[in-house]
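Trainee: Take this structure, written in structure tokens, and hold onto it; I'll ask about it next.
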Amino acid sequence: MSKARLYSGMQPSADSLQIGNYIGALMQWRDLQESYDAFFSVVDLHALTQPNDPAELRAKTRRTAAQYIAAGIEPAKSTLYVQSQVPAHAELAWILSTITGFGEASRMTQFKDKSSRYGTDGTNVGLFTYPILMAADILLYQADIVPVGDDQKQHVELTRDLAERFNSRYGDTFRVPMPMIQQDTARIYDLQNPTAKMSKSAESDAGVLWLLDDPAKSAKKIMRAVTDSEGVVRYDRDAKPGVSNLLVIYAALTGRQIPSIEDEYAGRGYGDFKKGLAEVVVNEFGPVRERALALLDDPAELDRVLARNADKAASVANGTLDAVYDRMGLLRRS
Ligand code: ATP
Ligand code: LTN
């Protein structure tokens, strides 16, 4: 039996990914690629909804792809490619926009949040149609499952609605995908503000652990992480968000259970615990960083790998797009 299809992606919105992207997405993708026919994209067209310097966007796109590979996404096993290199994404997005209700798109909470933050004049139409482009990403590949964080669940639901709507109007064309929502235990919070999600675009850098940072710098940030005055290494998300977050990171990177880590540090202070965690982080990130930097040292080879995978992606995507055009009555050239 052939493997089920999986699709996910990340925006190239920073020079380096942060540890939340690694634990919440890349580590899972790495495992999932063994049992699924996986497609992973660097969604650079989505990134255009934020202001970008062209040279920087190009660099961030390569850096994001290099970090996928360095974290264990194998370009020979999974189809790892850059979204804009497959024109079908933008084409299907247009088609899907014609079957999306204005009110339906207006209800997307991510758009509502961003547009209320930046105001109508500071918000581009691309931000409004962002979820439709995401639906195109997923539907082009006939994906069965889409691993994403909780914040993207509404977008996957819109994708399902659009697929069903198209199928009922024009005949069975798209597979209706299922979201695979990241578990709470894979959610990482800011080290300085442990009730806020760690994020690439955080305002302050002090609470963010970057995959490509000098390991000594990451160790220092861990030693300075916010804790509490109890002095006991114990998991309690509500009363002890700082320590609990550090425990989640420790457990995720070592594959250990939280109670076993609590036992190890029983009767010892936060200093010891943080030192232990810093060691774990440095050991895990050191080699990932080395691999990513080595890949970035040879951009021509990295670009070739990405081009090969874009060809593979395009051959699947174009098949879907052709069927869509045909079913909608667009005159195909002979
Ligand atoms: P941005 O600040 O540009 O929105 P981000 O760092 O918040 O970026 P996304 O690009 O939105 O991350 O997400 C990429 C992937 O990483 C998603 O699958 C998301 O669920 C996961 N992810 C992002 N931040 C975290 C986090 N703090 N903990 C766990 N997973 C995370
Ligand atoms: N919107 C997502 C990134 C993304 C995506 C996708 C995820 C774009 N296209 C398709 C899964 C499937 C985000 O911000 N994390």
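The values are calculated or read from the model by the stated rules, or taken from the named source; none is laboratory data. It should be emphasised that the depicted structure is a prediction, and the values quoted were computed from it without experimental measurement. Virtual Cβ from ideal backbone geometry, glycine too; neighbours counted across all protein chains shown.
For (1) away from ligand 2 (no atom under 16 Å from the Cβ); (2) in a loop (DSSP other than H, G, I, E, B); (3) modelled with pLDDT under 95; (4) out of contact with any Cys (no Cβ under 9 Å at 6 or more places or on another chain), each residue gets a yes or a no:
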site	(1), (2), (3), (4)
ARG160	no, no, no, yes
ALA163	no, no, no, yes
PHE174	no, yes, no, yes
LEU191	yes, yes, no, yes
THR195	yes, yes, yes, yes
SER199	no, yes, yes, yes
GLU203	yes, yes, yes, yes
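Trainee: Any chance the range 2-17 includes a residue that's near ligand 1 (Cβ under 9 Å from one of its atoms), crowded, with 17+ Cβ neighbours inside 10 Å and in a helix (DSSP H, G or I)?
Mentor: Checked against the condition, which is being near ligand 1 (Cβ under 9 Å from one of its atoms), crowded, with 17+ Cβ neighbours inside 10 Å and in a helix (DSSP H, G or I), the range 2-17 yields no hits at all.
Trainee: What do you reckon, is ILE138 under 30 Å from VAL324 (Cβ atoms), under 20 Å from the mean Cα position of the chain (by Cα), modelled with pLDDT under 95 and within 16 Å of ligand 1 (Cβ to nearest atom)?
Mentor: For ILE138, the condition - under 30 Å from VAL324 (Cβ atoms), under 20 Å from the mean Cα position of the chain (by Cα), modelled with pLDDT under 95 and within 16 Å of ligand 1 (Cβ to nearest atom) - is not met.
Trainee: For the condition under 27 Å from PHE128 (Cα atoms) and more than 15 Å from ligand 2 (Cβ to nearest atom), what is the one hit in ALA70, ALA55, ALA66?
Mentor: After applying the criteria, what remains is ALA55.
Trainee: Output the qualifying pairs, or none if there are none: Cβ atoms under 6 angstrom, residues six or more apart or on different chains, first residue in the range 4-22 and of a type in the set (Ser, Thr, Tyr), second residue part of a helix (DSSP H, G or I) and within 12 Å of ligand 1 (Cβ to nearest atom).
Mentor: Note: pairs meeting the criteria are SER13/ALA47.
Trainee: Looking only at the range 184-209, filter to residues that are closer than 19 Å to VAL243 by Cα and hydrophobic (A, V, I, L, M, F, W, C); which one of those is surrounded by the fewest Cβ atoms within 10 Å (Cβ to Cβ)?
Mentor: Only one residue tops the list, namely ALA196.
Trainee: Checking ALA307 against (1) buried (at least 16 other Cβ atoms within 10 Å of the Cβ); (2) part of a helix (DSSP H, G or I), only one condition comes out false. Which one?
Mentor: Going through (1) buried (at least 16 other Cβ atoms within 10 Å of the Cβ); (2) part of a helix (DSSP H, G or I) one by one, ALA307 breaks only (1).
Trainee: Restricting to the range 37-48, name every residue that is crowded, with 20+ Cβ neighbours inside 10 Å and either within 8 Å of ligand 1 (Cβ to nearest atom) or assigned to a loop (DSSP other than H, G, I, E, B) (or both).
Mentor: Result: VAL43, single match.
Trainee: Does GLN142 count as part of a loop (DSSP other than H, G, I, E, B), away from ligand 2 (no atom under 12 Å from the Cβ) and under 23 Å from SER2 (Cβ atoms)?
Mentor: On the way: part of a loop (DSSP other than H, G, I, E, B): yes; away from ligand 2 (no atom under 12 Å from the Cβ): yes; under 23 Å from SER2 (Cβ atoms): yes.
Spelling it out, GLN142 is indeed part of a loop (DSSP other than H, G, I, E, B), away from ligand 2 (no atom under 12 Å from the Cβ) and under 23 Å from SER2 (Cβ atoms).
Trainee: Mind checking which residues of the range 74-111 are of a type in the set (Phe, Trp, Tyr) and either surrounded by fewer than 18 Cβ atoms within 10 Å (Cβ to Cβ) or assigned to a loop (DSSP other than H, G, I, E, B) (or both)? Please lay out each step first, then the result.
Mentor: Restricting attention to the range 74-111, the residues satisfying the condition of being of a type in the set (Phe, Trp, Tyr) are 81, 94, 102, 111.
Correct list: TRP94, PHE102.
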